[in-house]
């Protein structure tokens, strides 16, 4: 199958999904000079991109008919299936040689299915979930984990560089999604530790910001502590990444673990704590709001209050 030459000002891009992450990521491609067509379930969320020069399409299929490369970053695997493989999905509108790039955190098996079905129609498909949250998306320094054929992944380099700082091909279709499951397992178990440590410091009567000055630079430091610790302390629970989406990710990872006969008790515990957090009304809060669920277990009043 032929591959499009990806050049700003020449290559036509399509973008499906303009949420917390997608809006910034698409905006970087526009800023690089790419012609971009966008679509989203709620048009109002795409209007800022349209104001910057993007064209609107009513459906993913219509968008794909105008695009050489179609990117998608939506909520759940069912949404991925709808926007790429559905009756109005991008695959049916994609011309031979086009590339579908799904950047949603989704099921590895679905990524393989998309690649197989795309190949039948002479279309390339890549799975490329990302890590870095809303800050990484805004600052174009995401880590992008890619599954797909080497030449297709290489051809997309101008797009990867517009959105991320670390781009690694992990293997064939589905490998990007498996790597993202590794990433989410690390984050989930680390986040429990960050919350428990800050709760300990609070109950011990320590000044939390002063504590961060000592523990942040040392062996106990982590991205989550550095980026989410201050948000927790300040009572900032706005979503860089939604709790309900994180629960989805952990569910995928646990299902894959069961399929591979792996016991991941730390991840299972983290998932249950996040399910409890969602039950407390924080499904649309940021993942750092886990500290509220853990505080509730010990009947601790968290100092920052709730500003979700």
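The values are calculated or read from the model by the stated rules, or taken from the named source; none is laboratory data. From a predicted model like this one, the values you see are computed outputs, not experimental measurements. Counting neighbours? That spans all protein chains shown, and the Cβs are built from the backbone with ideal geometry, glycine included.
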Worksheet item: Do we find that residue 20 is under 20 Å from residue 144 (Cβ atoms), surrounded by fewer than 24 Cβ atoms within 10 Å (Cβ to Cβ) and outside the structural domain of residue 183 (by TED's automatic domain parsing) in this structure?
Response: yes
Fill in: Test result for residue 213, modelled with pLDDT of 95 or more, within 26 Å of residue 79 (Cα to Cα) and exposed (fewer than 14 other Cβ atoms within 10 Å of the Cβ)
no
Discussion item. So residue 266 ticks every box in (1) in a helix (DSSP H, G or I); (2) surrounded by fewer than 17 Cβ atoms within 10 Å (Cβ to Cβ); (3) without any contact (Cβ under 8 Å) to a residue 40 or more places away in the chain but one. Which box is left unticked?
Written reply: (3)
Practice prompt. Search the range 238-258 for residues being buried (at least 17 other Cβ atoms within 10 Å of the Cβ) and at pLDDT below 95, and hand back the single one that is nearest to residue 134 (Cα to Cα).
Written response: 240
Worksheet item: Among the residues of the range 68-75, is there at least one that is touching a helix residue (DSSP H, G or I) at 6+ places or on another chain (Cβ under 8 Å), at pLDDT below 95 and either buried (at least 19 other Cβ atoms within 10 Å of the Cβ) or under 21 Å from residue 244 (Cβ atoms) (or both)?
Response: yes
Worksheet item: Which pairs have Cβ atoms under 8 Å, sit 6 or more apart or on different chains, and link a residue in the range 196-209 that is assigned by TED's automatic domain parsing to the domain that holds residue 228 to one that is surrounded by fewer than 18 Cβ atoms within 10 Å (Cβ to Cβ) and in a loop (DSSP other than H, G, I, E, B)?
Response: 197/220; 199/298; 199/300; 202/300; 202/303; 203/298; 203/300; 208/303
